[in-house]
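I have placed the structure first, in the form of structure tokens, so that the comments after it can refer back to it.
The values are calculated or read from the model by the stated rules, or taken from the named source; none is laboratory data. Remember, predicted model here, so these are calculated numbers, not experimental data. Quick reminder, even Gly has a Cβ in these numbers, built from the backbone with ideal geometry, and neighbours come from all protein chains shown. Note: areas computed on protein heavy atoms with side chains; ligands, DNA, RNA excluded. Shrake-Rupley method; radii C 1.70, N 1.55, O 1.52, S 1.80 Å.
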Amino acid sequence: MESKSNNHRKFHIFVVDKDKAGIDKTLSALKSEQYKFTEVTKIKDLPAALKKEKADLVILDVDLNDADGVEICWDIRAESSLAKLPIVFYSERSDDFTQIAAFEAGADEFVSKTARNRLYASRIKALLRRCYDKEDT
């Protein structure tokens, strides 16, 4: 049985961070991949935007200007149509307590902003592969 690869698919990733510099760091790390990005610095109505834009993955910081990233993760998971949407936390705060809170809220992955770009990109790519290769077989 032959398995199809997602190399041809252009994934839509929402990057949610408190400022443009944080978003730019993610875009820089993932620039070699052919992803479509939606940049979000204002969190109001994020779940509605995720549904409307049909996101494939959310990259979320813990510390946001107008919200707590862990609470936003809970809100996303509470929406039945978004319950299986992959969520990755990418944050300066990577202590055990913060990571545990993120995973309990429904995170699929947690990467420290101190991680090298190649490691960060590899984790994103692996998560997308795990989540979406099954749909193509």
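For LYS134, which of the numbered conditions (1) at pLDDT 90 or above; (2) under 24 Å from ARG9 (Cα atoms) fails to hold?
(1)
Could you please find all residues in region 116-131 being farther than 16 Å from LYS31 by Cβ and surrounded by fewer than 16 Cβ atoms within 10 Å (Cβ to Cβ)?
Within region 116-131, ALA126, ARG129, ARG130 qualify.
Taking region 26-37 on its own, how many of its residues are in contact with a strand residue (DSSP E or B) (Cβ under 8 Å, 6 or more places away or on another chain) and open to solvent by 50 Å² or more (accessible area, probe 1.4 Å)?
Initial filter on region 26-37 (in contact with a strand residue (DSSP E or B) (Cβ under 8 Å, 6 or more places away or on another chain)): 26-27, 30, 35-37.
Applying the additional criterion that residues be open to solvent by 50 Å² or more (accessible area, probe 1.4 Å) yields 36-37.
Result for region 26-37: 2.
Looking at region 53-67, can you tell me whether even one residue there is more than 12 Å from the chain's Cα centre (by Cα), open to solvent by 50 Å² or more (accessible area, probe 1.4 Å) and within 27 Å of ASP133 (Cα to Cα)?
Yes, region 53-67 contains a residue that is more than 12 Å from the chain's Cα centre (by Cα), open to solvent by 50 Å² or more (accessible area, probe 1.4 Å) and within 27 Å of ASP133 (Cα to Cα).
Output the qualifying pairs, or none if there are none: Cβ atoms under 8 angstrom, residues six or more apart or on different chains, first residue in region 27-40 and among the aromatic types (Phe, Trp, Tyr), second residue at pLDDT below 95 and open to solvent by 30 Å² or more (accessible area, probe 1.4 Å).
TYR35/LYS10; PHE37/LEU27
List the residue pairs whose Cβ atoms are under 6 Å apart, where the first residue sits in region 107-133 and is under 13 Å from SER91 (Cα atoms), the second is among the charged types (D, E, K, R) and surrounded by fewer than 19 Cβ atoms within 10 Å (Cβ to Cβ), and the two are 6 or more positions apart or on different chains.
Listed by first residue and then by second, the contacts come to GLU109/ARG123; VAL111/ARG123; LYS113/GLU92.
Quick check on my filter: what residues within region 92-109 are under 15 Å from the mean Cα position of the chain (by Cα) and surrounded by 20 or more Cβ atoms within 10 Å (Cβ to Cβ)?
Within region 92-109, ALA102, ALA105, ALA107 meet the criteria.
Give the residues of region 40-94 that are among the acidic types (Asp, Glu) and outside any strand (DSSP E or B), sorted by residue number.
Taking region 40-94 and keeping what is among the acidic types (Asp, Glu), we get 45, 53, 56, 61, 63, 66, 68, 71, 75, 79, 92.
Listed by number, the residues that qualify are ASP45, GLU53, ASP56, ASP61, ASP66, GLU71, ASP75, GLU79, GLU92.
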